[in-house]
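Colleague: To start, I am sharing the structure in question, which I have written as structure tokens.
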Amino acid sequence: MSAVVVWAETTEGRLKKPTLEALTAGRKWATTLGEPLWAVVIGDKLSENIPDLIAEYGAEKLIRILSPEFSTFIPNAYARALAALIREKNVSYVVIPQTYDGRALAPLASIWANAALFSGITTIPEKQAELWVARRICYSNKGLEWIGTAHLPLIITLKANSIIPEKSPYSLTIEDFSFRPPVEDLRAKPVGVEKVSTDKVPLTEAEIVVSAGRGLKGPENWTIVEELAKVLGAATACSKPVADVGWRPHHEHVGQTGIQISPNLYIAIGISGAIQHLAGVASSKNILVINSDPEAPFFKAADYGIVGDAFEVVPRLTEAIRRYKEQHSH
Amino acid sequence: MKILCCISHVPDTTTRIQFTADGKALDRSGVTFIINPYDDFVLARAAELKEKNPTGVHVTVLCVGKNGASSTDSVDANLRKALALGLDEAVRIDAEPLDAFFVASQIAAYAQDKGFDLFLFGKESIDYNGSQVPGMVAALLGLPFISYATSIEILNGSAKLTREITGGKELIESPLPLVLSAQKGLAEWRIPNVRGIMQAKSKPLHVIAPLSVSPRVQTLRHEPPPPKGTFKKIEPERIDELVQELANKGLI
Ligand SMILES: Cc1cc2nc3c(=O)[nH]c(=O)nc-3n(C[C@H](O)[C@H](O)[C@H](O)COP(=O)(O)OP(=O)(O)OC[C@H]3O[C@@H](n4cnc5c(N)ncnc54)[C@H](O)[C@@H]3O)c2cc1C
């Protein structure tokens, strides 16, 4: 018997939301298949709390691939290790979180494990006749595509926020899988990291995103955006021109040429809703648009709209949410 | 130094998307195809490297695709646009890009014995956003893979790169050859000038027959996105009601 295997990405000794989503998807897939769920951690050591967390989200076995070479993420080395596990244990189904590292790992591992790859899908694969079938978004949110494969192993990555992490506690056994990457896979060496900000929710994982555009007139006016984001526990984003002129950092730029996101709630302030902007945000579950121009194209893609001056509406909205949260905080 | 830029041929974002009656494919009629915007970053970076060292750098642009029926759906025209940035030669592998594995296999087979030092890709193409082909090519050729690269400098046969990661960037050093996928930042987009466009007309564009490879993933059907829910306009005076509704939906 084989298993569904989830690559558990550990970031500074923690499991982030995309891994919890992957474990939840893996648990559901494993239950349908009647196979166990295993999590695999690749690293140089394992933080103490990780096994408990992994068990809480439904894994029955934790496989550790520990070696000093894995102290930082090197795509080739990690992929070689994962592929070795897939081959040796005859694993047919693999879930990889769709993070920066997961997206680098998946295609390499798919080749070395001789696997098919579904990336960025929004449904857990279902068996239809001979095929595994799943759905993904295509053409800048202007279409959906159903894809299928009869090829095993099958590796999947799920688009962020496609599945809500659910606890499903199992008792966990731990096993070591020994693997040392060949030197040729260690040629690209990470030599340092520059952090931009650590206190904020990462944009790609955020459930709520507050985003603003040229309508805010200047970088000095972003306080109202920051405050709204703060009461909501949201990440902040911006349109392209705003990042281009340096009002906001580039890593906040969302859209076709920026980051693509699909939070539960996207609040767009003073953004016209150009098609290239929508390409990155239109798969958000709910969209609230605040714009002074009733004809702004963004309203056509919105669930909620407030026509008004951002400088009046946004502080008012922040205040209303703060009041609501105070009243309902117990 | 030999550079291979791999580009994909995608519908312009502003284009209206419709599917064929059986849902199997994009209805290409009336659709304008462009070079994938992330690949534009790669072409611009290659052009910069070429400019700095015109005789020492040779850039090949490659696309796996068939020319469509209309002039707005021509892979060759997009390859010439790329050449107009001052790049050297183009290659079209004459096949429908069936899936990422198929495309990656074609590229790897072509590049295998050509001695490329740098393989440049966009981080994803805006039609299916798969982010698969660059990593697959790296694996097929056994080369270091750097994804979401935001800069690359070459010095004495090795590269210094930055790569986007959650909440920051990572610095990487790697010998050549290597494969990278580009994020915004790698270079500023360029627009070809008239001289470049004229010169591109007579540059070599090789059309190559594909290798026989079975794709691993097939398209079953497409459908339009689900219709948008009802739109609610809220008067600024009634913001409290909006907050209540967002709370009822569990959004805040
Ligand atoms: C190839 C290509 C790729 C692109 N990629 C991206 C991308 O990834 N992301 C992206 O965002 N753009 C992208 N763009 C640019 C895009 O086409 C738009 O130009 C851009 O999104 C507009 O930004 P904006 O909405 O902030 O500014 P504008 O279009 O200037 O809109 C400002 C809005 O603010 C409103 N406003 C003004 N004052 C107020 C006020 N006081 N209160 C409330 N509202 C107010 C106005 O009514 C207007 O709707 C791309 C373009 C191209 C050609």
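The values are calculated or read from the model by the stated rules, or taken from the named source; none is laboratory data. No experiment lies behind these values; they were computed from the predicted model shown. For neighbour counting, all protein chains shown are included, and Cβ atoms are generated from backbone atoms with ideal geometry for every residue, glycine included. Surface areas here come from the heavy atoms of the whole protein model, side chains and all, with no ligands, DNA or RNA. Shrake-Rupley method; radii C 1.70, N 1.55, O 1.52, S 1.80 Å.
Colleague: Residue by residue through the range A:239-258, note down the ones that are away from chain B (no Cβ under 13 Å) and within 11 Å of the ligand (Cβ to nearest atom).
Modeller: A:Ser239, A:Pro241, A:Val242, A:Val245, A:Trp247, A:Arg248
Colleague: Could you count how many residues in the range A:59-80 are over 16 Å from B:Tyr148 (Cα atoms), open to solvent by 10 Å² or more (accessible area, probe 1.4 Å) and within 12 Å of another protein chain (Cβ to nearest Cβ)?
Modeller: Residues that pass the stated criteria total 3.
Colleague: One residue is enough: does the range B:217-237 have a residue meeting the conditions more than 26 Å from B:Phe101 (Cβ to Cβ) and buried (at least 19 other Cβ atoms within 10 Å of the Cβ)?
Modeller: Yes.
Colleague: Now for a different question. Name the single residue that is farthest from A:Ile124 (Cα to Cα) among those in the range A:33-54 being assigned to a helix (DSSP H, G or I) and open to solvent by 40 Å² or more (accessible area, probe 1.4 Å).
Modeller: Here the residue is A:Asp52.
Colleague: Only residues that are in contact (Cβ under 8 Å) with a residue 60 or more places away in the chain, open to solvent by 10 Å² or more (accessible area, probe 1.4 Å) and within 12 Å of another protein chain (Cβ to nearest Cβ): list them for the range A:101-124, please.
Modeller: Scanning the range A:101-124 gives a single hit, A:Asp101.
Colleague: Continuing with the same structure: If A:Phe311 passes every condition in (1) of a type in the set (Phe, Trp, Tyr); (2) near the ligand (Cβ under 9 Å from one of its atoms); (3) not in a helix (DSSP H, G or I) but one, which one does it miss?
Modeller: Single failed check for A:Phe311: (3).
Colleague: Please determine, by comparing only the residues of the range A:259-308 that are within 7 Å of the ligand (Cβ to nearest atom), open to solvent by less than 10 Å² (accessible area, probe 1.4 Å) and part of a strand (DSSP E or B), which one is farthest from the other protein chains (Cβ to nearest Cβ).
Modeller: My answer is A:Ile269.
Colleague: Also, quick follow-up: Just checking, how many residues over the range B:178-208 are buried (at least 22 other Cβ atoms within 10 Å of the Cβ) and not small (Gly, Ala, Ser)?
Modeller: Qualifying residue count for the region: 6.
Colleague: Give me the pairs: first residue in the range B:136-152 and open to solvent by less than 10 Å² (accessible area, probe 1.4 Å), second residue charged (D, E, K, R) and assigned to a strand (DSSP E or B), beta-carbon distance under 9 Å, and six or more apart or on different chains, which are they?
Modeller: Short answer, once both residue conditions are applied: B:Ile146/B:Arg163; B:Ser147/B:Arg163; B:Ser147/B:Glu164; B:Ala149/B:Arg163; B:Ala149/B:Glu164; B:Ile152/B:Lys160.
Colleague: Being within 18 Å of B:Phe101 (Cβ to Cβ), aromatic (Phe, Trp, Tyr) and within 13 Å of chain A (Cβ to nearest Cβ), is that true of even one residue in the range B:128-144?
Modeller: Yes: the range B:128-144 contains one or more residues that are within 18 Å of B:Phe101 (Cβ to Cβ), aromatic (Phe, Trp, Tyr) and within 13 Å of chain A (Cβ to nearest Cβ).
Colleague: A follow-up question, please. So which of B:Gly142, B:Gly115, B:Gly185 is at pLDDT below 95 and at positive phi?
Modeller: B:Gly185
Colleague: Got a number for residues in the range A:81-100 being open to solvent by 10 Å² or more (accessible area, probe 1.4 Å) and either touching a strand residue (DSSP E or B) at 6+ places or on another chain (Cβ under 6 Å) or more than 9 Å from every other protein chain (Cβ to nearest Cβ) (or both)?
Modeller: Number satisfying all stated conditions: 9.
Colleague: Please work out if B:Gly86 is in contact with a helix residue (DSSP H, G or I) (Cβ under 8 Å, 6 or more places away or on another chain), away from the ligand (no atom under 16 Å from the Cβ), in a loop (DSSP other than H, G, I, E, B) and open to solvent by 20 Å² or more (accessible area, probe 1.4 Å).
Modeller: yes
Colleague: Which of (1) under 20 Å from A:Leu37 (Cβ atoms); (2) modelled with pLDDT of 95 or more; (3) not β-branched (Val, Ile, Thr) is the odd one out, the single condition A:Asn114 does not satisfy?
Modeller: Only one criterion in (1) under 20 Å from A:Leu37 (Cβ atoms); (2) modelled with pLDDT of 95 or more; (3) not β-branched (Val, Ile, Thr) is unmet by A:Asn114, namely (1).
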